[in-house]
Amino acid sequence: QSQELSQVRIDYQAALQALVEDGTRMVCSGRMHTDRVCRFESLCYSTEAEEFVFFHSNASIMLPNLGPRRFQPALLDLSSVDDHNTQYFNFIELPAAALKFMPKPVFVPDVALIMNRFNPDNLMHVFHDDLLPIFYTIQQFPDLDFESRLFFMEGWNEGLHFELYKFMSNKQPLLKEQLKTLGRLLCFTKSYVGLSKITTWYQYGFVQPQGPKANILVSGNEIRHFAKFMMGKLNITLDQNAAEAYIVLFSRSMNRLIVNEAELLLALAQEFQMKTITVSLEDHSFSDIVRLLSNATMLVSMHGAQLVTSLFLPKGAVVVELFPYGINPEHYTPYKTLSTLPGMELQYVAWQNTEEENTITYPDRPWEQGGIVHLETKEQERIKKSKEVPRHLCCRNPEWLFRIYQDTKVNISSLIQVIKSTVKTKLGLRRQKWTPGLYPGKVRESKCQASAQGTSEAKLFVSWQIPWNLKFLKVRDVKYEVWIQEQGENSYMPYILSQQNYTFSENIKPFTTYLVWIRCIFNKTLLGPFAEVLVCST
Ligand code: UDP
């Protein structure tokens with residue numbers, strides 16, 4: 001493991017002079033601290049102060065120049081988790097002249113991506129908060145590539161899944177702790193600070209109960225591109241015509257157990273006439289797990305971070321997520337949301353243990369593993385009697401922890417019934433190739449002719465041409481939606497038409513001005529944009 005920054009020798013005197021003369025330069029994208037990523041030249045970091053330093057000179061640039069708003073609450077989020085107050089980034093400011101009195105800077109020649117990992121010991125967090133955002137932040141900025149150096153500033157050690165982080169760069173990622181060994185004052189020649197949040201689909205419930213993000217911007221296509229990249233790094237080649245269909249049971253060995261796992265395996269094998277394989281993070285290498293999942297027909301697992309690996313399942317596969325007693329599956333949907341992203345093409349099934357006699361509780365464990373004996377007796381009793389954990393905020397709700405860390409004896413017939421009633425297509429059959437919906441363009445050359453007949457009747461003749469992109473596409477079903485709105489009114493009359501012209505006479509009054517809105521619809525669901533509104537007076 002080489003920790004040297006680079007073999008490239010840089011001209012130290014020239015670099016130092018440039019720093020003193022030019023100072024730090026920063027230009028950011030994003031309007032708010034929550035969607036900001038900043039590009040810096042000559043951003044420095046004091047390993048003694050544990051602070052980033054912006055050196056002001058005549059040539060410095062700071063965009064946005066927020067003044068005191070830079071601290072309200074911060075310049076940007078250093079992790080991909082939205083507005084988390086332990087993840088804020090800022091720098092302190094000094095005149096470049098102060099360099100004279102400071103330790104000799106050590107220059108970092110690699111382009112740096114400086115960020116925080118959010119929870120590097122939890123596999124869901126590793127993928128959702130770190131790996132996917134790193135992968136797509138690197139694709140967003142042309143200076144960043146797999147030769148860039150990752151700097152993890154959250155202060156954690158390597159963590160359980162460091163080998164996965166190493167796939168994101170050909171250079172060894174550096175931890176905050178290691179920076180001290182490099183020098184007292186580090187200066188990043190060129191760096192990006194922060195992560196794109198464009199691929200995240202879940203919010204963990206810091207300000208409102210957890211759930212899918214309000215405005216999901218990622219589709220299965222991008223998730224699967226990333227999965228393919230990871231599989232390349234794991235040396236996994238897809239065996240498309242693998243002979244046998246099989247079911248993977250992803251088990252947990254420490255907590256949240258399935259106590260009748262052997263029985264469950266047998267029952268699944270019998271019911272679906274397939275081989276069943278058990279894997280766990282404790283007993284299998286990550287690449288073995290991914291290799292198995294990438295050809296699996298079904299993945300069955302207790303709710304938990306290991307389920308993020310469903311992003312490696314082939315299209316058409318089934319994800320079966322099991323929930324302990326008292327845990328409402330609708331309230332905890334990171335894996336459901338992932339499975340059902342458009343283009344992910346997975347079938348998702350949730351099963352919940354509803355029988356109290358089939359749950360095993362652990363009131364005596366430490367609180368973080370769901371123990372409740374530290375609580376007042378009355379509260380303990382209330383929790384034990386409660387049949388469902390009410391919605392709650394992250395992360396220390398004792399009732400939630402008590403219930404989520406239960407072991408479960410799975411009622412096999414109820415589980416198989418739920419799977420069979422949800423999974424409609426025959427198992428093991430690859431579904432039809434998903435093509436992303438291509439949307440129509442605007443209709444073209446739209447025209448409107450009004451004619452009044454006497455003082456009581458009138459007509460509107462409206463015509464248009466097909467959207468420009470239609471002639472390059474094979475579309476099963478092309479329709480046009482026309483809205484006729486009387487000027488000044490809020491309501492309109494909608495029509496769905498197959499042809500490219502129509503004479504409207506119903507409810508059309510003489511001596512009236514109408515606004516006509518037209519858009520094209522592909523395959524009933526793909527709504528195009530409205531063309532420029534037509535104004536016609538009868
Ligand atoms: N984990 C595991 N086996 C276990 C318990 C946990 O592999 O018996 C893994 C789990 O998949 C996750 C990490 O350990 O990556 C932390 O688990 P925790 O229960 O804290 O989080 P959760 O799975 O509920 O997100």
Discussion item. Among the residues in region 122-137, are any more than 30 Å from Ser280 (Cβ to Cβ), crowded, with 20+ Cβ neighbours inside 10 Å and out of contact with any Pro (no Cβ under 9 Å at 6 or more places or on another chain)?
Written reply: yes
Checked pairs for region 167-189, first within 12 Å of Tyr45 (Cα to Cα), second in a helix (DSSP H, G or I) and at pLDDT 95 or above, C-beta under 8 Å and 6 or more apart or across chains, list as Leu186/Leu179; Cys187/Leu19
Checked Pro95, Pro103 against criteria (of a type outside the set (A, V, I, L, M) and in contact with a His (Cβ under 8 Å, 6 or more places away or on another chain)); the one match is Pro95
Of the residues in region 105-160 that are among the charged types (D, E, K, R), in contact with a helix residue (DSSP H, G or I) (Cβ under 8 Å, 6 or more places away or on another chain) and under 24 Å from Ser42 (Cβ atoms), the one that is farthest from the ligand (Cβ to nearest atom) is Asp145
All conditions in (1) in contact (Cβ under 8 Å) with a residue 40 or more places away in the chain; (2) under 25 Å from Asn122 (Cα atoms); (3) of a type in the set (Lys, Arg) are true of Lys387 except (2)
*asked:* Quick check on region 406-419. Is at least one of its residues closer than 30 Å to Ala296 by Cα, basic (Lys, Arg) and at pLDDT 95 or above?
replied: yes
Q. Out of curiosity, is Asp82 of a type in the set (Asp, Glu), within 24 Å of Lys213 (Cβ to Cβ) and either crowded, with 23+ Cβ neighbours inside 10 Å or out of contact with any strand residue (DSSP E or B) (no Cβ under 8 Å at 6 or more places or on another chain) (or both)?
A. no
Subset of region 496-507, residues over 18 Å from Leu526 (Cβ atoms) and either within 38 Å of the chain's Cα centre (by Cα) or assigned to a strand (DSSP E or B) (or both), comes to Asn501, Tyr502, Thr503, Phe504
For region 254-271, pairs from a residue that is touching a residue at least 24 places away in the same chain (Cβ under 8 Å) to a residue that is of a type in the set (S, T, N, Q) and away from the ligand (no atom under 16 Å from the Cβ), with Cβ under 8 Å and 6 or more apart or across chains, are Leu268/Thr276
Looking across region 237-291 at residues that are within 14 Å of the ligand (Cβ to nearest atom) and among the basic types (Lys, Arg), the single one that is surrounded by the fewest Cβ atoms within 10 Å (Cβ to Cβ) is Arg252
- Query: Looking at region 313-327, is at least one residue among the aromatic types (Phe, Trp, Tyr) and either over 23 Å from the mean Cα position of the chain (by Cα) or away from the ligand (no atom under 11 Å from the Cβ) (or both)?
  - Reply: yes
Any chance Gly67 is touching a strand residue (DSSP E or B) at 6+ places or on another chain (Cβ under 9 Å) and small (Gly, Ala, Ser): no
query = Does Leu234 count as under 28 Å from Asp121 (Cα atoms) and not polar (S, T, N, Q)?
reply = yes
- Would you say Pro73 is in contact with an Asp or Glu (Cβ under 9 Å, 6 or more places away or on another chain), modelled with pLDDT of 95 or more and more than 30 Å from Gln13 (Cβ to Cβ)? yes
Evaluate the following for Thr538: is it surrounded by fewer than 16 Cβ atoms within 10 Å (Cβ to Cβ), of a type outside the set (A, V, I, L, M, F, W, C) and closer than 13 Å to Ala450 by Cβ?
-> no
Checked region 457-468 for anything closer than 14 Å to Ile521 by Cα and surrounded by fewer than 16 Cβ atoms within 10 Å (Cβ to Cβ); matches are Gln465, Trp468
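The values are calculated or read from the model by the stated rules, or taken from the named source; none is laboratory data. Given the structure is predicted, the values throughout are model-derived calculations rather than measurements. Positions of Cβ are generated from backbone atoms using ideal geometry, with glycine treated the same way; all protein chains shown enter the neighbour counts.
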